[in-house]
Amino acid sequence: MAMLRELYRHLFKKRETVLYPFKELDQVHLPEGYRGKLTYNKDICIRCLLCVRSCPSGAIKEELDDKGRKKPLFRIDQCIFCGTCEEVCPVRPVKAVVLSKEYEIVTLDRNSEVVK
Amino acid sequence: MSSSQEESLVENLKALFKDNVLETKLPMSRRLFVAVSPDVYEDVIKFLVKEKQVTHLSTMTGMDLGEKIEVLSHFFGLGMEITIRVAVPKEKPEIKSIVSIVPGAVFYEREIHDLLGVTFIGHPDLARLVLSEDWPEGEYPLRRDYKVQPPKPLREV
Amino acid sequence: MSSFIIPIGPQHPALKEPEHFTFFVDGEYVTDVKVRIGYMHRGIEKAMEDRTYNQGIYLASRICGICTEAHTTCFVQNVEYAMDLKPPRRAEFIRVILCELNRLQSHMLWIGAGGHEIGFDTLFMYLWRDRERVLDILELITGNRITYAMMAVGGVRRDITSDMIAKIQKAMDIVEERAKYYKKVVLSEQSIMARTIGIGTLTPREALELCSVGPILRASGIKSDVRADDPYAAYDETPFNVITYDGCDVYSRFLVRVDEMFESINIIRYCLDHMPQDPIRIKLVKVAPEGEAVSRVEAPRGELIHYLMGKGDVKPYRYKIRAPTLGILPSLVRMLTSRENYVVKIGDIPAIVGGIDPCFCCTDRAVKFIDVSKGKTWSCSYDELNKYANRRYRKVG
Amino acid sequence: MDDIIFLLQVLIFPGLLFSIVLAFLYEWLDRKIYARLQNRVGPLYAGPAGILQPVADFIKLLAKEDIVPSAANKVIFNIAPIMALSLISTAVLLLPVTGVAGLISFDGDVILAMALMVLYVIVVFLAGFFSMNRFSTVGAERTVLQLLGYEIPMILSVMSVALSAGALSLAKIVENRNIWFIFGPHVISFFVYLIAGQAELERVPFDIPEAEQEIVAGWLTEYSGKKLALFRLSRDIELLFVAGLATTLFLGGAVPVIGGIPSILQVAICTVFFTLKMAGVLFLLSTIRALFARLRIDQMVDLSWKYLIPISLLQIFLVRLMI
């Protein structure tokens, strides 16, 4: 019986649930340093491929671009969002690989989730 | 605890078991590694548990060193982590079980038996613990010579 | 006497993770039990040998989703021991804060889940709601809710800034107030007491003999805590009490965990106030010298021990992980077996099994099947699966 | 013509169709209240505020594969859900929803109501026992053991009402009600009845026969598809019946008849009041569900023999003194 008062107090309280996928999208709050889907800026990338070597899950592959130069290819389906690639990226002041705040990355085809 | 306690334990062990204490290491404070020969392994543990009251067995590790398989028992007591290591030949990996002295070793010994194929003499029940029932006999995944085979797809089963 | 066998697991509503218990029962009384684990065998020990130390951190954080911080702390500490380096003091404080936040959320999770095991869903819902506050804080600090990816060999990867501190302190106040309320509930709710007092008894002697760890040991009245006995990180200067209760039953385990929540909150507050201004990370070599190290950490579920053998490579030669639940298993078997003056009923099984806070995910490891599903897809029609299942179960019986 | 009207009454209002609709509504209400108490939302998407969720669940279950275990006794396994549903929907016909008397009303129908509830439990026992599943068997055993616990206090509390009304028929009890019924000594037996009713309905803290964490779904473990749908429906109707019986016996049934208005309007007013009172009982039942942890089977039997039965005996004694 210890919780009776608490129970009835909740009867008129606002629910805690956020009706996320359909409504109340504005109530989804992300902190500053959130680790979401990574973004890759190929214009400033110096193609050092440090990220390929350091990725713990092997989600970053080597690939040749149209000019036959090596460049990284990011497979989001294997990514574990640790941010190591962002950390090792030597490009300054803005890094070529940055984890964004995007979190809706569900897809039906795992091969489509690739960042080039 | 001061390091003198660790050193005194080492001296104690050396005095009791003489040449059978093969190697002692003190890499940092509160860590002690003692290698003993298989003949006195049981006695050393009996000495630790019964006389020194080091009753807490943290875990046991099995390690493949090429020709030998090492069994490490990590005890905690007297304010330090005491690791007793004993090596057994790979051809005949057998060693006495310490379950009668430390009842908590039951699952650790079963795990090592399962993954490295060390037989513990006197263990009450060395049934499989972690590997599946249809795992082939005589294959021990944590040995260095074990090659990982890619699993077959389900439809071929 | 022929006994009636009740198989519980690998799939059973009481067990959130797959393991198998065979209970021999006589009416409502349990006479014997056999345990079988290994359904979550992911081969992490073997896979560790394949990864560099830096990559191993992320694998270690995936040993267990709930006590991830304990595993990563243990891993990086182990590598630091082997390399013989000491991280900056501020990093050690941040580690303590993260470990305690982790413990806080784990204990809240357990008290909720423990309530659920004895059919008290309301407690479950409230605690998991309040646990979100702690998870929000963890997300604020690390950027992730569950696998924090925060530790690095030689320090931590992110700093705790001053505006974070204010937010953490505010959240701690709320959590403390809620924890007080839950303590009151646990202390006064008759139906919780009816289901937990005198259930799953483990005498102090048995607990020592069977090498039990963590809250189970402390609920049997034995003062044993790695944080106090073998201090790591910044625990050597953080004041805290080792909570013990001597009821030796599930109720004492409830109380130990509730009280540890207050201790965690106090530790976090102390650390926030006393963090020195240091760098958070040092540069380091990637090769560990030949040698070995043992690292112990007090995970939310008890003593966690990692053993590392290095051969002067960038990868470990052997990495051994012993999760707390494996240490508790022998005690669990003892608790589940009826003997003189002590009976276990079927209705008590969830309370006892739940009472140890089982985490079989951490417990099972070893065979390596990495790189298997990459680029390959398995397809299997319903009929094929059905046939496979039929064949398999006819064979087993 | 009378026969056709009676048939329509049985099948549509206030009989089968009405009780099924009301049962679904009450399941929704119960889930919603339970969720509110736990600071959740409950059913949300099927219909406005999720009001159609129980119906959606029912239809979904009807569409699911129906598996009969090869070891089960097929005849009993198959007829048990139908038996359960028909027993409990017969019992609902006794409730005086529309006025003073129910659709079936005779002297001694209180006893029939109790008997139907016991029969329902026996059908449940058979269903569980002949599923030939370990969990079902344990669940079935527990069902009967629990019956031994709650049935006697329940009958005693009902009897005390019958005693003070001086009648064994629901219609007469409703007719003879007075203010004593609601605020008198029956408050005790009302709570005894609620607790016993909660046990009858197998809800927390007495969901022992189907304790999810202990024996999966208890006697329901092997049921799937249409049969599970029928069982769930019959349990919803059982909830309606327990709440309805409480309303009739302790809360005075449908409202007093107001003279001078057409009978159709009167029926409507009575029905609305009856359902509202039932909802009140349901609210209490939902609160009990949210308030406790599950008891163990021996604790449950202990509770009823040590406390509930003496209390209800005392209650009968009090009532006897007052008449």
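Every read-out reported here was derived from the displayed coordinates using simple, explicitly stated rules and does not represent laboratory data. Source: prediction; values computed, not measured. With ideal geometry, Cβ positions are generated from the backbone for all residues, glycine too; neighbour counts draw on all protein chains shown.
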- Message: From zero outward in steps of 5 Å, how is the percent of C-alpha pairs of the range B:3-144 spread across the bins?
- Response: 2, 10, 20, 23, 20, 13, 8, 4, 1, 0, 0
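Per DSSP H run of at least 4 residues, take -39500 (n - 2.57); add these up for chain A, divide by its residues and hand me the 222 nm value, nearest 500 deg cm²/dmol.
Numbers: 3 runs with 18 residues, N = 116.
Using -39500 (n - 2.57) per qualifying helix, the result is -3500 deg cm²/dmol.
Show me the ranking of peptides B:108-119, C:123-134 by mean Cβ neighbours inside 10 Å, starting with the highest. Please report the intermediate quantities before stating the final value.
On the way: B:108-119: 22.9, C:123-134: 21.0.
Answer by packing, highest mean first, reads B:108-119, C:123-134.
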- Message: Below 28 Å, Cα to Cα, which lysines can A:Lys116 reach? Residues fewer than 8 away in the same chain don't count.
- Response: A:Lys37, A:Lys42, A:Lys61, A:Lys67, A:Lys70, A:Lys71, A:Lys95, A:Lys101, C:Lys374, C:Lys376
- For C:Lys86, which lysines qualify as cross-link partners when the Cα separation must be under 18 Å and same-chain residues fewer than eight apart are set aside? C:Lys283, C:Lys286
- Query: Which of these, B:Ser100, B:Ser29, B:Ser132, has the largest mean-square fluctuation under a Gaussian network model of chain B (Cα springs below 10 Å)?
  - Reply: B:Ser132
- Query: What percent does the relative contact order of chain C come to when contacts are Cα pairs within less than 8 Å and at least six residues apart?
  - Reply: 26
- Note on the structure: If every Lys and Arg gets +1 and every Asp and Glu gets -1 at its Cβ, then about the Cα centre the range B:3-144 yields a dipole, in debye to the nearest 20, of 420
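Once a ≥ b ≥ c are taken as the square roots of the eigenvalues of the Cα gyration tensor of the protein assembly as shown, is the result rounded (a/c under 1.5), prolate (a/b larger than b/c) or oblate (a/b not larger than b/c)? Working shown, then result.
Working: a/c = 2.05, a/b = 1.76, b/c = 1.16.
Cα axes put the protein assembly as shown in the prolate bin.
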- Task: Sort C:Ile146, C:Ile352 so that the residue with the fewest other Cβ atoms within 10 Å of its own Cβ comes first and the one with the most comes last.
- Result: C:Ile146, C:Ile352
- Message: Helix B:3-17 against the longest principal axis of chain B: what's the angle in degrees, Cα atoms only, rounded to the nearest 10?
- Response: 80
- The rounded separation in angstrom of the Cα centers of the range D:118-165 and the range C:32-62 is 48
- Query: In chain D, which helices (entire DSSP H runs) extend 24 Å or more along their own long axis, judged by Cα positions, while averaging at least -1.0 on the Kyte-Doolittle scale?
  - Reply: D:16-37, D:74-92, D:109-129, D:134-165, D:225-250, D:263-291
- Task: Can you tell me the 0 to 90 degree angle between the C-alpha axis of helix B:106-116 and the longest principal axis of chain B, rounded to 10?
- Result: 60
- Query: Shape of chain C from its Cα gyration tensor (a ≥ b ≥ c, root eigenvalues): rounded if a/c is under 1.5, otherwise prolate when a/b > b/c, or oblate?
  - Reply: oblate
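Can you give the relative contact order of chain B as a percent, counting alpha carbon pairs under 8 Å and 6+ residues apart? Show your work: numbers first, answer last.
Values: 247 pairs, mean separation 26.8, N = 157.
Relative CO of chain B lands at 17 percent.
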- Above-threshold pairs, the threshold being 31 Å between Cα atoms, out of B:Lys68/C:Lys223; B:Lys46/C:Lys16; C:Lys223/C:Lys315; B:Lys14/B:Lys90; B:Lys14/B:Lys147: B:Lys68/C:Lys223; B:Lys46/C:Lys16; C:Lys223/C:Lys315; B:Lys14/B:Lys147
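For a test of the definition: using alpha carbon positions, the gyration tensor, and the 1.5 limit on a/c, classify the range C:1-99 as rounded, prolate or oblate.
Working: a/c = 3.66, a/b = 2.63, b/c = 1.39.
Prolate.
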- Query: Across peptide C:18-29, how many C-beta atoms of other chains are within 10 Å of each residue C-beta, on average?
  - Reply: 1
- Message: Helix check for chain C. Which DSSP H runs span at least 15 Å along their own axis by Cα, with a mean Kyte-Doolittle hydropathy no less than 0.5?
- Response: C:324-336
- Between the alpha carbon centres of the range A:54-116 and the range C:117-171 the gap in Å comes to 26
- Cα centroid distance between the range B:67-112 and the range D:212-252, in Å? 55
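Would you calculate, for chain C, the mean residue ellipticity at 222 nm contributed by helices, counting each DSSP H stretch of 4 or more residues as -39,500 (n - 2.57) and dividing by all residues, to the nearest 500?
Per the formula, -15500 deg cm²/dmol.
Counting only other chains, and only Cβ atoms inside 10 Å, what mean value do you get across the residues of D:209-218?
Working: counts 0, 0, 7, 8, 15, 15, 9, 5, 1, 0.
Mean shielding by partner chains, rounded to a whole number: 6.
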- Query: What trypsin sites (Lys or Arg not before Pro) in the range C:239-295 are in a loop by DSSP, with at most 13 other Cβ atoms within 10 Å of the Cβ?
  - Reply: C:Lys283, C:Lys286
- Sorting C:Tyr319, C:Met275, D:Asn176 by the position of each Cα along the dipole of the protein assembly as shown (Lys, Arg +1; Asp, Glu -1; all at Cβ), the one nearest the positive end of that ordering is C:Met275
- Item | Peptide C:330-341 - average C-beta neighbours from other chains (10 Å radius) | 1
- Query: Which of the peptides D:10-19, C:110-119 is most tightly packed, and how do the rest follow, going by the mean number of other Cβ atoms within 10 Å of each residue?
  - Reply: C:110-119, D:10-19
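How do C:74-85, D:160-171 rank on mean C-beta neighbours within 10 Å, highest first?
So the peptides C:74-85, D:160-171, ranked by packing, come out C:74-85, D:160-171.
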- Relative contact order (%) - the range C:34-109, alpha-carbon pairs under 8 angstrom, separation at least six: 26
- So what's chain D giving for Cα Rg divided by 2.2 N^0.38 Å, two decimals? 0.99
